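The values are calculated or read from the model by the stated rules, or taken from the named source; none is laboratory data. Every value quoted in this text rests on a predicted model; they were computed, and no experiment measured them. Because the Cβ atoms are built from the backbone with ideal geometry, glycine has one as well, and the counts that use them run over all protein chains shown. Keep in mind that these areas ignore ligands, DNA and RNA; they rest on the heavy atoms of the full protein, side chains included. Shrake-Rupley method; radii C 1.70, N 1.55, O 1.52, S 1.80 Å.
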Amino acid sequence: MAFSKVLIANRGEIACRIMRTAHHLGYRTVAVYSEADAGAPHVQMADQAVCIGRAPVADSYLNVAAILAAAAQSGADAVHPGYGFLAENADFAQSCADAGLTFIGPSPQAIELMGNKRLAKLRMAEAAVPCVPGYSGADQDDGVLAAEGAKIGFPLMVKAAAGGGGRGMRLVSNGADLPAAISGARSEAENAFGSGELILEKAVIEPRHVEIQVFADSHGNAVHLGERDCSIQRRHQKVVEEAPSPAVDPALRAAMGGAAVAAAQAIDYVGAGTVEFLLAADGSFYFLEMNTRLQVEHPVTEMITGLDLVAWQLDVAAGEALPLTQDAIKFDGHAIEVRLYAEDPYLDFLPQTGTVVAWRPSPEVRVDTGIVEGQEISPFYDPMVAKVIAHGRNREEARRRLLRGLEDTALLGLPNNRGFLLDVLRHAAFADGTA
């Protein structure tokens, strides 16, 4: 499983982030890029770069054949998918293996299993991981779903089994609205994910979204690296993430962490993964889904543990054992991350395009980015341009430091959500730790 040259099948800040650690560990790196990204920082940062197609993602960053051809052309012997794009595509992971490439991630089987909410929930229930009461059956007849929904009781959630990001999801408060919710969710799921398969879950009212970072190696070892609270969301998309959660004490952390490790072990997981839970006000928690990749918000975990998660990914993919046991993993202070987007809060947060006239990130906080002054922000990709992260001895110090760092960060040339992020961080409800 030894490798020496890593192709990063991604772009932007995560491609740059992976390259920094890969270079530090002595690996050569290969960037892939679309025609729209020819001058992007990740292209300049890599040891080699290969153009994989036109700007649309279907012609470039989702083009498996072009990425595999780039690996062959460059002599890469490993592939890191980052997050998004092909990161949770089981067929891509299998194609990498078939081409003799080390895929820096879990097995295709684990990706496929956890990519389907219905099958994942069934496997988690078998592993005694707490799950929200609901229906995850194979019979998808509308009448069966309506009857099962009545058994569960209201309010309940109708969810796309193959989905995420809030698409194919409906909150139903009474039985009369259930048939229309099933029909609407199924139609939306088919359009978004190519599958109309649905699950039903009892609605956990005003929950927190708390996720556990897990890591496992090929030697049978598995640990958790604590939790992240991702409850501050807009349209089911995370806006602010922090570690640890203001709502989790050591006993609850141990319980949730134990459940997350059990989830990973139940599917013979290898690499970095995140087990997401709904945390109710009474301290009960329920399995939501498992992301079989590195998360956007991994920096907050790195800052409270002092660990490099990408380095762990590379080491595990190379066949090494995890460097720490559970007892040796310590947590220090508090970290908070915000996502800086090229979007207009005054136009319903619509993504924005244009030239980055000025980009001056604060030197006092961690800024993970993939932009430079003069760069064009195109309409073809996710509008996130940077992540701004601060660490403090406690939550309030981290919040103050992040406020200062964000205030001292300049992004000019196109509308962005910096002011919105500052408003969130200053809000009394956020300051006191409620969501």
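Taking GLY163 and the conditions (1) at pLDDT 95 or above; (2) assigned to a loop (DSSP other than H, G, I, E, B), which numbered condition does it fall short on, given that it satisfies the others?
(1)
Restricting to the range 398-417, name every residue that is closer than 24 Å to ILE377 by Cα, assigned to a helix (DSSP H, G or I) and open to solvent by 70 Å² or more (accessible area, probe 1.4 Å).
If the condition is that a residue be closer than 24 Å to ILE377 by Cα, assigned to a helix (DSSP H, G or I) and open to solvent by 70 Å² or more (accessible area, probe 1.4 Å), then GLU407 is the only one that fits.
Test TYR61 against the criterion of being touching a Phe, Trp or Tyr at 6+ places or on another chain (Cβ under 7 Å), closer than 21 Å to VAL310 by Cβ and aromatic (Phe, Trp, Tyr), and give yes or no. Show your work before the answer.
Values: touching a Phe, Trp or Tyr at 6+ places or on another chain (Cβ under 7 Å): yes; closer than 21 Å to VAL310 by Cβ: yes; aromatic (Phe, Trp, Tyr): yes.
Judged against the criteria, TYR61 is a match.
Condition (residue is assigned to a strand (DSSP E or B), touching a Gly at 6+ places or on another chain (Cβ under 7 Å) and either open to solvent by less than 10 Å² (accessible area, probe 1.4 Å) or free of Cβ contacts under 8 Å to residues at least 40 places away in the same chain (or both)) applied to the range 173-191: is it met by at least one residue?
No, the range 173-191 contains no residue that is assigned to a strand (DSSP E or B), touching a Gly at 6+ places or on another chain (Cβ under 7 Å) and either open to solvent by less than 10 Å² (accessible area, probe 1.4 Å) or free of Cβ contacts under 8 Å to residues at least 40 places away in the same chain (or both).
Of the residues ILE67, ILE14, ILE111, ILE52, which single one is closer than 26 Å to ALA162 by Cα, modelled with pLDDT of 95 or more and over 21 Å from the mean Cα position of the chain (by Cα)? If you could, list the steps in order and put the result at the bottom.
Numbers: ILE14 fails: over 21 Å from the mean Cα position of the chain (by Cα); ILE111 fails: over 21 Å from the mean Cα position of the chain (by Cα); ILE52 fails: closer than 26 Å to ALA162 by Cα.
Answer to the check: ILE67.
Residue by residue, here is whether (1) open to solvent by 40 Å² or more (accessible area, probe 1.4 Å); (2) part of a strand (DSSP E or B) holds:
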| position | (1), (2) |
| --- | --- |
| TYR381 | no, no |
| LYS387 | no, yes |
| GLU396 | yes, no |
| LEU425 | no, no |
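Cβ-Cβ below 7 Å, separation at least six or inter-chain, first residue in the range 319-332 and farther than 27 Å from ASN394 by Cβ and touching a residue at least 12 places away in the same chain (Cβ under 8 Å), second among the aliphatic types (A, V, I, L, M) and exposed (fewer than 13 other Cβ atoms within 10 Å of the Cβ): which pairs?
Hits for this filter: GLY319/MET1.
Report every pair of residues separated by at least 6 positions or lying on different chains whose Cβ atoms are under 7 Å apart, first residue within the range 276-298 and closer than 27 Å to ILE18 by Cα and among the charged types (D, E, K, R), second assigned to a strand (DSSP E or B) and open to solvent by 10 Å² or more (accessible area, probe 1.4 Å).
GLU276/HIS209; GLU276/LEU288; GLU276/GLU289; GLU276/ASN291; GLU297/LYS238
Among what's in the range 286-330 and is modelled with pLDDT of 95 or more and among the acidic types (Asp, Glu), pick the residue that is farthest from SER107 (Cα to Cα).
ASP327
Hey, among the residues in the range 245-263 that are part of a loop (DSSP other than H, G, I, E, B) and in contact with a strand residue (DSSP E or B) (Cβ under 6 Å, 6 or more places away or on another chain), which one's most open to solvent (accessible area, probe 1.4 Å)?
Applying the first criterion (part of a loop (DSSP other than H, G, I, E, B)) to the range 245-263 yields 245-249.
Still in the list and also in contact with a strand residue (DSSP E or B) (Cβ under 6 Å, 6 or more places away or on another chain): 245, 247-248.
Values: SER245: 6, ALA247: 43, VAL248: 17 Å².
Across the range 245-263, the extreme among qualifying residues is ALA247.
Please go through the range 120-130 and pick out each residue that is open to solvent by 30 Å² or more (accessible area, probe 1.4 Å), outside any loop (DSSP other than H, G, I, E, B) and in contact (Cβ under 8 Å) with a residue 24 or more places away in the chain.
ARG123, GLU126
Could you tell me how many of the residues in the range 329-364 are part of a loop (DSSP other than H, G, I, E, B) and open to solvent by 20 Å² or more (accessible area, probe 1.4 Å)? Walk me through it before giving the result.
At the first step, the residues of the range 329-364 found to be part of a loop (DSSP other than H, G, I, E, B) are 329-333, 342, 348-349, 352-353, 356-357, 361-364.
Still in the list and also open to solvent by 20 Å² or more (accessible area, probe 1.4 Å): 330-333, 348-349, 352-353, 357, 361, 363-364.
Qualifying residue count for the region: 12.
Among the candidates VAL204, VAL210, VAL214, VAL223, which residue alone is open to solvent by less than 50 Å² (accessible area, probe 1.4 Å), among the hydrophobic types (A, V, I, L, M, F, W, C) and part of a loop (DSSP other than H, G, I, E, B)?
Just a single option satisfies the conditions, and that option is VAL204.
Considering only residues of the range 136-148 that are touching a residue at least 40 places away in the same chain (Cβ under 8 Å) and open to solvent by 30 Å² or more (accessible area, probe 1.4 Å), which is farthest from ARG186 (Cα to Cα)?
Applying the filter and picking the extreme gives GLU148.
Go through (1) at pLDDT 95 or above; (2) of a type outside the set (Lys, Arg); (3) over 22 Å from MET124 (Cβ atoms); (4) open to solvent by less than 40 Å² (accessible area, probe 1.4 Å) for GLY196 and report which single condition fails.
(1)
May I ask you to say which residue of GLY165, GLY153, GLY105 is exposed (fewer than 14 other Cβ atoms within 10 Å of the Cβ), in contact (Cβ under 8 Å) with a residue 40 or more places away in the chain and within 21 Å of the chain's Cα centre (by Cα)?
After ruling out the rest, the residue left standing is GLY165.
Of the residues that sit in the range 273-293 and are among the hydroxyl-bearing types (Ser, Thr, Tyr) and over 12 Å from ALA260 (Cβ atoms), which one is least open to solvent (accessible area, probe 1.4 Å)? Before you say what the answer is, go through the steps one by one.
Taking the range 273-293 as the starting set, the residues that turn out to be among the hydroxyl-bearing types (Ser, Thr, Tyr) are 274, 284, 286, 292.
Still in the running and over 12 Å from ALA260 (Cβ atoms): 284, 286, 292.
Numbers: SER284: 34, TYR286: 57, THR292: 4 Å².
Per the stated criteria, the residue is THR292.
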